[in-house]
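*Asks:* Sharing a structure, written as C-alpha cells. Questions coming.
Where a number appears in this text, it was derived from the coordinates with a stated rule and is not lab data. The structure displayed is predicted, hence computed values, not measured ones. Cβ placement follows ideal geometry from the backbone for every residue including glycine, while neighbour counts extend to all protein chains displayed.
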Amino acid sequence: MRRGERQESLRRRVSVIGLGRFGSSVARVCSELGYDVTAVDVDEQRIAEAADYATLAAQANGADEAALLSLGVDRSDVGVVGQGQNLKASVSSTLVLKRIGVPWVIAKAETTLHGEILVKVGADRIVYPERDAGVQVAHSLDIRHAVDYMNLTSTSGVARLAVPAGAAGQTVHEVEASLERASIILIQRGNVLLPHPSADERLHKGDFVLVAGLDEAIDAFADA
C-alpha cells in the first residue's frame, strides 16, 4: 500500500443521514476537519449541495438497509442521524445504522421522549440542537460578551471570551483574585493554546480565554 493510500485508509469515516440544517452543518464541518463524509438524504437538491463538500453524496432512504450497505455506510466509524422532525425516519435510520454495525451513532431529537426512544433502539448519544441553542441564548442575556457558551448548571458555565481591555497585561493570578467563583482554564493566543495557564502567565490584548464559573463572575470579568 502506498503512503497516500495508507493515509486515506486511516481517515475516520462519518455517515450523515438527513441533510437539514443540523445534518448538513455536521457534514460540512466534518469534511472541513478532514473526515471521509458520506451524506445521505432523499432530497435531490440537498444531495446536489452536499456534493460540493462530502466525499460521497447519495440520494437514498436513510432507513433502507440495502442502500446504506451499497454505499459502505457499514464501514463508518460514526453515524449521525439528523432527521429530528420525522420521528419514524429518525428511529428507523438509527436502528438500521446499529444493525449494520456502525459502532457509534449520534441522533438528533426534538423532545426528551424522542430521545428516550432513540436510546432504546441503540443511539449512543442524543443531541437536542434547538433546546441547547435556547439555553445558550438565555445565558447570553447576562454574559453579553461571550463568543461561545456552554452551561453547566442553571447559573454557571464555561464561556469563551476576548480578553477585555481592563484585563490585558494582568496575570492569571491577578485576574482570578478579583473574581469570585470563576477561573481561567485556557488561553488562546492566535493558533496557540495554553491549557491550565500558570498563575504568572500574563493576558495579552487579542487573546481569547475560557472562563469557568458562575455566570455573574464571568460577566464581571467580561466587563472589566
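*Asks:* Please compute the length gained on full extension between residue 116 and residue 59, using 0.36 nm multiplied by the number of residues separating them and subtracting their Cα-Cα distance.
*Replies:* Using 0.36 nm per residue and subtracting the Cα-Cα distance, I get 17.7 nm.
*Asks:* Spelling out what I want: for every residue of the range 182-199, take phi, set θ = phi - 60°, compute 6.51 cos²θ - 1.76 cosθ + 1.60 (Karplus), and round to whole Hz; glycine and proline get x.
*Replies:* For the range 182-199, the Karplus-derived couplings read 8, 9, 8, 9, 6, 10, 10, 10, x, 9, 9, 9, 10, x, 6, x, 5, 4 Hz, x marking Gly and Pro.
*Asks:* Checking a compactness column here: for the range 3-127, what do you get for Rg(Cα) / (2.2 N^0.38 Å), N being the number of residues?
*Replies:* Numbers: Rg = 13.5 Å, N = 125, 2.2 N^0.38 = 13.8 Å.
Ratio of Cα Rg to 2.2 N^0.38 Å: 0.98.
*Asks:* Order of 104-110, 76-82 by packing, highest average Cβ count within 10 Å first? Could the numbers behind the result be given before it?
*Replies:* Details: 104-110: 22.0, 76-82: 25.3.
Top to bottom by mean Cβ count within 10 Å: 76-82, 104-110.
*Asks:* Need the full-extension length gain, residue 51 to residue 170, defined as separation in residues times 0.36 nm minus the C-alpha distance. One decimal, nm.
*Replies:* 38.0 nm is the gain from fully extending residue 51 to residue 170.
*Asks:* Take the alpha carbon atoms of the range 148-224, find their center, do the same for the range 27-103, and report the distance between the two centers in whole angstrom.
*Replies:* 39 Å
*Asks:* Residue by residue through the range 157-174, which ³J(HN,Hα) values in whole Hz follow from phi under the Karplus form 6.51 cos²θ - 1.76 cosθ + 1.60 (θ = phi - 60°), with glycine and proline marked x?
*Replies:* x, 10, 10, 9, 9, 6, 4, x, 4, x, 9, 4, x, 7, 7, 4, 4, 4
*Asks:* Using the basic label-point model (7 angstrom from Cα toward the beta carbon), what is the residue 155 to residue 43 distance in nanometres?
*Replies:* 4.3 nm
*Asks:* Right, another one. Which value in deg cm²/dmol, rounded to the nearest 500, describes the helix-derived mean residue ellipticity at 222 nm for the chain, given -39,500 (n - 2.57) per DSSP H run of n ≥ 4 and division by the residue count?
*Replies:* -10500 deg cm²/dmol
*Asks:* Placing +1 at every Lys and Arg Cβ and -1 at every Asp and Glu Cβ, with all other atoms neutral, what dipole size does the chain have around its Cα centre, in debye to the nearest 20?
*Replies:* Its charge dipole is roughly 760 debye.
*Asks:* Would you mind checking the tilt of helix 87-99 against the longest principal axis of the Cα atoms of the chain, expressed as 0 to 90 degrees and rounded to 10?
*Replies:* Its long axis makes an angle of about 80 degrees.
*Asks:* Express in nm, to one decimal, how much length is gained between residue 87 and residue 131 on full extension, taking 0.36 nm for each residue of separation and deducting their alpha carbon distance.
*Replies:* Extra length available between residue 87 and residue 131 comes to 14.2 nm.
*Asks:* Looking only at Cα atoms, what is the convex hull volume of the chain per residue, in Å³?
*Replies:* Each residue corresponds to 155 Å³ of Cα convex hull volume.
*Asks:* Could you work out the relative contact order of the chain? I mean the mean sequence separation of Cα pairs under 8 Å and 6+ apart, divided by the number of residues, in percent.
*Replies:* For the chain, the relative contact order is 13 percent.
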